[in-house]
1. For the chain, what is the charge dipole size about the Cα centre, in debye to the nearest 20, if Lys and Arg each add +1 at the Cβ and Asp and Glu each add -1 at the Cβ?
2. Here are labelled values, (1) 0.97; (2) 1.15; (3) 1.03, and one is the computed Rg/Rh (Cα atoms, Kirkwood Rh) for what I pasted. Which one?
3. Would you work out which of P71, M61, T208 lies farthest towards the positive end of the dipole of the chain? Charges go on Cβ: Lys and Arg +1, Asp and Glu -1.
4. Just how large is the dipole of the range 98-173 about the Cα centre, in debye to the nearest 20, putting +1 at every Lys and Arg Cβ and -1 at every Asp and Glu Cβ?
5. Going by average Cβ density within 10 Å per residue, which order do the peptides 186-194, 87-95, 52-60 take, highest to lowest?
6. Going through the cross-link list K111/K200; K51/K200; K180/K202; K111/K180; K117/K200; K114/K185, which pairs have a Cα-Cα distance over 22 Å in this structure?
7. Could I have the simple spin-label model distance between L104 and V193, label points 7 Å from Cα toward Cβ, reported in nm to one decimal?
8. Restricting to Cα pairs below 8 Å that are 6+ residues apart, what does the relative contact order work out to for the chain? Please round to a whole percent.
Amino acid sequence: MLADEGISGAIGNQDDVSNRPGIVALLSLLHEVDAVIVMNTSRLWRDEQAKVFITREIRKMHGEIISIEQPRYSLYTKDPQDFLYNSMMEMLDTYERMCISIKLAQGRATKAHKGDKPTGVTPYGYQYSADKKHIVINQQEAAVVRRIFTMAQTGNSMQKIADYLNADTLHTRRNNRWTKATLQKILHNDFYVGTLTYQKRKWVGNHTLCLSSKKCIKGARKST
């Protein structure tokens, strides 16, 4: 069984499916199979771009799509009722996805309004709590953040700070070497002064600052 774990079925603004290894593998095997079996066609595509591309490739190899939840689905149907039924099912799938997307967006906005980080990775120095509901300090990373701000506040250049951290084998979260650009992002991230930014709006965050003083932050920013 082929699968694209954690990858959307929508192509988005891209004209290919190269970011979906499961689909890439499936399309490369079309010459060996007569049909593609899925639980639902929504497992193959999530938008019209993806649908057009995938169905075209399967038709090229004279293949068929068998949907367990849509037994009347066929790439080659000429029955108007089957065409109407399949179209309605796909419209319902689209409607359901839109409703879910709106609910998720509303939930994220509500979290942001309450001062909780709504989504995405945490800034360096922080991590999600075990229940994934709150932001807590990562003490090991926070110690590095404090060192960065302190060195910047005392007039050290970005390059000197990067060289210092790299020489001390204190790598980034992704185990990369520190660069001036990485340090600038940290020093100018409002999250460290207690501000939460979501969809270009700012709220007072509920997270605890990993720095001891806002003066330290202001001084560090002035020096950069």
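Every number in this text was worked out from the coordinates using simple rules, so none of it is lab data. Remember, it's a predicted structure, so these values are computed and weren't measured experimentally. As a convention, Cβ positions derive from the backbone with ideal geometry for all residues, glycine included, and neighbour counts pool all protein chains shown.
1. Numbers: 33 positive and 22 negative charges, 416 e Å.
Here the size comes out at about 2000 debye.
2. Correct label, based on the coordinates given: (2).
3. Farthest towards the positive pole: T208.
4. Values: 11 positive and 5 negative charges, 82 e Å.
In total the dipole reaches around 400 debye.
5. 186-194, 52-60, 87-95
6. The answer is K51/K200; K180/K202; K111/K180; K114/K185.
7. 3.2
8. So the answer I get is 15 percent.
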